[in-house]
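What follows is one structure encoded as structure tokens, with my remarks underneath.
Coordinate-derived values only; no laboratory data. Small disclaimer: the values here were computed from a predicted structure and weren't measured. Heads up, the Cβs are rebuilt from the backbone with ideal geometry, glycines too, and the neighbour counts pull from every protein chain shown.
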Amino acid sequence: MNKKAENGLLFAWFTSLIATLGSLYFSEIKGFEPCALCWYQRIFMYPLVILIAIGIIRKDRGVAIYSAVLSGIGFCISTYHYAIQKLPVAEDDVIGCGLVSCSGQYINWLGFITIPFLAGTAFLLIFITSIYVIRKR
């Protein structure tokens, strides 16, 4: 595997690790209970840490295909979740909400940075990096 692809996978792995640790910080330390859409985002983020690590260890760029798919789906969920929080039109008809409201905002830094925004940013970075690694094949 060439150095640029390896660095890309390292960046994607580090991004997924920070996102995973961040979500655990918000739920386990700060005590923010995740809503249903947050759980779906976790389902797509957490495996990326292990999956990309295996690809790095085995020097297998093919893992970028899987990380692109998982991060792409995760990004779509994050975007939907963010829209529920920030667009008043989407607030009434929420698909996938459980006991905790998906429109609630535990954080709202600078008026636009919420937890789904942070997750979506991580998913987007991983997706773009994965496409970069795929193209370097």
Checked against the structure, the computed percent of Cα pairs over 25 Å apart among (i) 19; (ii) 28; (iii) 34 is the one labelled (ii)
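Which value in deg cm²/dmol, rounded to the nearest 500, describes the helix-derived mean residue ellipticity at 222 nm for the chain, given -39,500 (n - 2.57) per DSSP H run of n ≥ 4 and division by the residue count?
-23000 deg cm²/dmol
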Relative contact order of the chain (C-alpha contacts under 8 Å, at least 6 apart) in percent is 38
Across the chain, qualifying lysine pairs (alpha carbons under 23 Å, at least 8 places apart or different chains) come out at 6
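Pop the C-beta distance of I107 and R58 into the FRET formula with R0 = 35 Å and round what comes out to the nearest 0.05.
Taking R0 as 35 Å, the efficiency between I107 and R58 is 0.40.
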Footprinting proxy, W13, W109, W39: sorted fewest to most Cβ within 10 Å, the residues are W109, W39, W13
From the Cα centre of the stretch 1-35 to that of the stretch 49-126, the distance in Å is 12
Expected sort for L125, L70, L99, L10 with the fewest Cβ neighbours (10 Å cutoff) up front is L99, L10, L125, L70
